[in-house]
Amino acid sequence: MANPQPSAVTLAEAKELLRCLADAESVLLLSPPGVGKSAAVEQAARDAGLVVRSLLGTQIAPEDVSGVPKVVGGRAVFCPPRLLLPDDGKPFCLFLDELPAAPPDVQKAFYSLLLERRIGEYRLPIGTWVVAAGNRTDDRAIVRALSSALVNRVFVVPVRVDAAEWFAWAEASGVRADVRGFVKFVPSALQRAVPADPVPFSTPRSWALLSRDLDLAEARGALSAEERRALAFGRVTAHDAALFCALCEEGLGDLRPVLEYVEDPTRLPKTETAMWFLVSRTRSAVAGGELIGTPPEKINAFLTAAGEEYRFALVLDLVEPWAELGASDLMLRALRTVTGLPESLRPGAS
């Protein structure tokens, strides 16, 4: 039996879990870098009417959690920091950011806080949320192994990127149309794997930051092609940066998702550069099963409208997936000499 894998939730689902559980359970959100965990926690807390008080795991010492002692009536009493126990006694959201990156002695200082909502002799106000967040051990971030004692005190929630959620957020947050358009055209660029070397890589956060950088440069009249390339290569994966800049420099900002062209081939780009970008993206979509369920008549209308040169490029080495999508017998027969499609894969073959 294969090792069972935890089911990851989207940011919207994570916020709903926080709303339901965070006043009773200490929650630990784990994800790759740049997904937006911190912003999601802050938004969920604001929606619940709670002030967010944050501690950064990499920048605190154990006494920042347990407090410092003072003598009261001949006895030493630990006084918790005001950040963790505000004077007004109102519930709040305690956000422990980068908890997996905290040193072992700092993690240990959180044990009673995470399990019992207690700091020494003091308890957190009823209704207070305790939420932690961090990266996973395989993300090549600054992450230390979490002790079994700490893990056993929290509700661990793996978080994943959801493209639809990001696009809705990006549009509402003013992320540039060219950035949104590129990510729609190349969905895999939204979240790339963490590279082995310390170089920029694509995440939801890095695309949002690139959008901001481009806006700032444009507002100052300093957005030449060279400056756009410098900004893009300084924020996202090099391959994505090169594609993004090529799209912008060729005036291809209006490219649409592949399915829109399949639904209406009259929208096919008019320039050669744009068509070759679309061919590359369509091949990826077919190989990844993104067009499964599309009516065969639409598949055939799209291939017909693409034209012979692009049609051969679309089908080369992908004849079987196109046949399964319903490409016509006549069209596949015409392509057979180039692609080597076996008779058994042709529509209607017995």
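Each reported figure results from applying straightforward, stated rules to the coordinates on display, with no laboratory input. Please read these numbers as outputs of a predicted model, since none were measured by experiment. Ideal geometry is used to build each Cβ from the backbone, glycine not excepted, and the neighbour counts take in all protein chains shown.
Overview of results
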{"read-out": "Interchain or long-range residues, amide H under 5 Å from Val52's placed H", "value": "Cys93"}
{"read-out": "Where labels lie 7 Å past Cα in the beta-carbon direction, separation of Arg267 and Ala12 in nm", "value": "2.1"}
{"read-out": "Radius of gyration, Dmax [region 154-194; alpha carbons; angstrom]", "value": "12.4, 41"}
{"read-out": "Straight-distance crosslink candidates among lysines, where the alpha carbon sits under 27 Å from Lys270 and sequence neighbours closer than 8 are dropped", "value": "Lys184, Lys298"}
{"read-out": "Amide proton proximity set for Val9, modelled H, under 5 Å, gap of 5+", "value": "Val159, Arg160"}
{"read-out": "Peptides 219-226, 196-203, 280-287, 233-240 ordered by average Cβ neighbours within 10 Å, highest first", "value": "233-240, 280-287, 196-203, 219-226"}
{"read-out": "For Ala132, distant residues with modelled amide H under 5 Å away", "value": "Val27, Leu28, Leu29, Leu96"}
{"read-out": "Paramagnetic reach from Glu165 (point 7 Å along Cα→Cβ, amide N under 13 Å) across region 16-57", "value": "16-19, 29-32, 35-44"}
{"read-out": "Measure of compaction for region 163-249 (Cα Rg per 2.2 N^0.38 Å)", "value": "1.01"}
{"read-out": "Neighbour net charge for Leu210 - beta-carbon separation under 14 angstrom, K R +1, D E -1", "value": "+2"}
{"read-out": "In sequence order, calculated HN-Hα J values of region 203-217 (Karplus, 6.51, -1.76, 1.60; Hz; x Gly/Pro)", "value": "9, x, 5, 5, 5, 5, 5, 4, 4, 5, 4, 5, 4, 5, 5"}
{"read-out": "HN-Hα J in Hz across region 302-310 - Karplus 6.51, -1.76, 1.60, θ = phi - 60°, x for Gly and Pro", "value": "5, 4, 5, 5, 5, x, 4, 4, 6"}
